[in-house]
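Read-outs throughout are calculated quantities, based only on the coordinates presented, and are distinct from any laboratory measurement. Since this is a predicted model, take the numbers as computed values, not measurements. When we count neighbours, we look across all protein chains shown, and the Cβ atoms used for this are built from the backbone with ideal geometry, even at glycine.
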Amino acid sequence: MASRKIYRAALAAVLVVAGWGAHSRGALAQEAEAERPQAQPRVRSDEAEGLEVQLHLLVARRTADGQDEKLPASLDAVVKQLRATFPFKSYRLATTMLNRVKNGGRLSVRWYGSPLFGQPPAPGSAPGSNELNIQGVKLEKDDAGRDLVQLAGFGFNARITVPAPSLASAAGPPSVQQENTGINTDLSVREGEPTIVGTLDVGPAGDALILVVTAKRPGK
C-alpha cells in the first residue's frame, strides 16, 4: 500500500514538472515571437516602379501649305488612323510630355511654352498655357487578361493663340486671338499602345489639336 502511495506521489510530481516545462517553453516562444521583426508585406514590382504617362500634342491643318514633318515611328499607326478618318492635309508634333506616376497615383502638370499653332501671342496677352490632370492612374487587366491602364479623370486644358478673322488691312500684321480649349474624360488604354484621346477644333480655318496618350511600365 505504501509503495502505491509513493508511486502516485512521484507520478504527480512528474506531471507538475512537465506542465511547468511546457508552460515555460510556450512563454519563451511567445517572447521570441514578439521580439522577432515582423515581415513587411511585399510590394509588387509594378507598384514599386510606377507608370510612365506620355502625352503627344499633334497639330492638324486643313490647308496643304502646312508643315508635314516626320513624326515619331511610335505614332505611325495613329497617323494612319487619322488620315483614314479626317480630311486634314498635314500633321505636326507640337510637343511631347513624359511623366512618371505611382501605380494608383495621380498626375498634375502645368506648363507655358511657345504657341502650339506657330502664331505669336496676341498683343498684351500672356503666353499660351497648358494643363494636364489625371485623377487616377492604375494598371489593370481586361476580361481577356491583357494589361491596360485606367486613366480616371483625364483632363487637358489649354489657352492657345490662333489666327482670327483679319480685320486689318492687307498690309497690316495678321490678326490673332487667344482661345480656351480642353477635354475631360475617363478612359482606358492598352499598355504601351498610343491612343487618341480626342480632337479639339480650333481657329476659323478648322485646324485641330489632337491628343495622343501612351501609358506603360518602364521598360515595357
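Quick notes on this one:
- Sequence ranges 188-198, 149-159, 134-144, ranked by mean other-Cβ count within 10 angstrom, highest first: 149-159, 188-198, 134-144
- All other residues whose Cβ lies under 13 angstrom from that of Ala152 are scored, Lys and Arg at +1 and Asp and Glu at -1, for a net of 0.
- Residues whose placed amide H lies under 5 Å from that of Arg217, excluding near-sequence neighbours: Glu52
- Distance between the pseudo-spin-label points of Tyr112 and Glu69 (7 Å out from Cα toward the beta carbon): 2.2 nm.
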